[in-house]
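This report refers to the structure that appears directly beneath it.
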């Protein structure tokens, strides 16, 4: 079960420096071996430079960043969702989970599951019909995690760093829950009484 001492909210421009620090730290922890140092810095700048983050955080109709804090108010993880993004194999638009990372010290507490639940809730509220992502073919642990969250593998694509070409597995989950149910899920996660919209006109 997720540890409910995790607090998750949408990120704002005030979180820019925090997201930059988290992004550099967590991506290096996972993927530094795939790049040269110069190539890694250039790749990180695409998403985590001040200019890139400022633009992305401002484009709320296209992207949503979630940031997670522990009970000491220390930032421990984040997620980024791209709305109505074409799944690379089918071309069908859905919510793309582009990033979901936790600091190494924050793993093993159910916080990845809690962050994923927040992503799913936001995608349902947005009216998306599916949620999809790409994960390293060699990262079997991450694939098992996503499968536990209801994702299924749908095919493979390739991705090139400045050192190598690597295989990526595309995984997808259909979202069939209604807007009202997403409201209930969100309220329950916050310990609140859910508000269910009336069907009456």
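Points worth noting:
- Residues in segment 69-100 that are touching a strand residue (DSSP E or B) at 6+ places or on another chain (Cβ under 9 Å) and over 19 Å from residue 173 (Cα atoms): 69, 70, 71, 73, 75, 76, 77, 78.
- Hits in segment 1-16 - residues which are free of Cβ contacts under 8 Å to residues at least 24 places away in the same chain and under 18 Å from the mean Cα position of the chain (by Cα): none
Matching residues to (1) modelled with pLDDT under 95; (2) buried (at least 17 other Cβ atoms within 10 Å of the Cβ); (3) part of a loop (DSSP other than H, G, I, E, B); (4) in contact with a strand residue (DSSP E or B) (Cβ under 8 Å, 6 or more places away or on another chain):
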site	(1), (2), (3), (4)
155	no, no, no, yes
171	no, yes, no, yes
180	yes, no, no, no
196	yes, no, yes, no
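- Cβ-Cβ contacts under 9 Å between residues 6 or more apart (or on different chains), taken from a first residue in segment 47-73 that is more than 15 Å from residue 23 (Cα to Cα) to a second residue that is part of a strand (DSSP E or B) and modelled with pLDDT under 95, are absent.
- Scan of segment 101-121 for residues that are under 14 Å from residue 8 (Cβ atoms) and touching a strand residue (DSSP E or B) at 6+ places or on another chain (Cβ under 8 Å), ordered by number: 101, 102, 106, 111, 112, 114, 115, 116, 118, 119, 120
- Qualifying residue in segment 138-150 (condition: at pLDDT below 90, at positive phi and either surrounded by fewer than 14 Cβ atoms within 10 Å (Cβ to Cβ) or assigned to a loop (DSSP other than H, G, I, E, B) (or both)): no
- Every condition in (1) out of contact with any helix residue (DSSP H, G or I) (no Cβ under 8 Å at 6 or more places or on another chain); (2) loosely packed, with under 12 Cβ neighbours inside 10 Å; (3) free of Cβ contacts under 8 Å to residues at least 40 places away in the same chain; (4) more than 19 Å from residue 135 (Cα to Cα) is met by residue 33 except one, and the failing one is (4).
- Considered as a group, the residues in segment 77-92 that are surrounded by fewer than 20 Cβ atoms within 10 Å (Cβ to Cβ) and either without any contact (Cβ under 8 Å) to a residue 24 or more places away in the chain or under 14 Å from the mean Cα position of the chain (by Cα) (or both) include one that is farthest from residue 66 (Cα to Cα), and that residue is 91.
- The residue of segment 103-137 that is surrounded by the fewest Cβ atoms within 10 Å (Cβ to Cβ), among those that are touching a helix residue (DSSP H, G or I) at 6+ places or on another chain (Cβ under 6 Å) and modelled with pLDDT of 95 or more, is 125.
- Looking only at segment 128-155, residues that are without any contact (Cβ under 8 Å) to a residue 24 or more places away in the chain and under 21 Å from residue 43 (Cβ atoms) come to 2 in all.
The values are calculated or read from the model by the stated rules, or taken from the named source; none is laboratory data. Predicted, not measured: the structure shown is a model, and the values here were computed from it. As a convention, Cβ positions derive from the backbone with ideal geometry for all residues, glycine included, and neighbour counts pool all protein chains shown.
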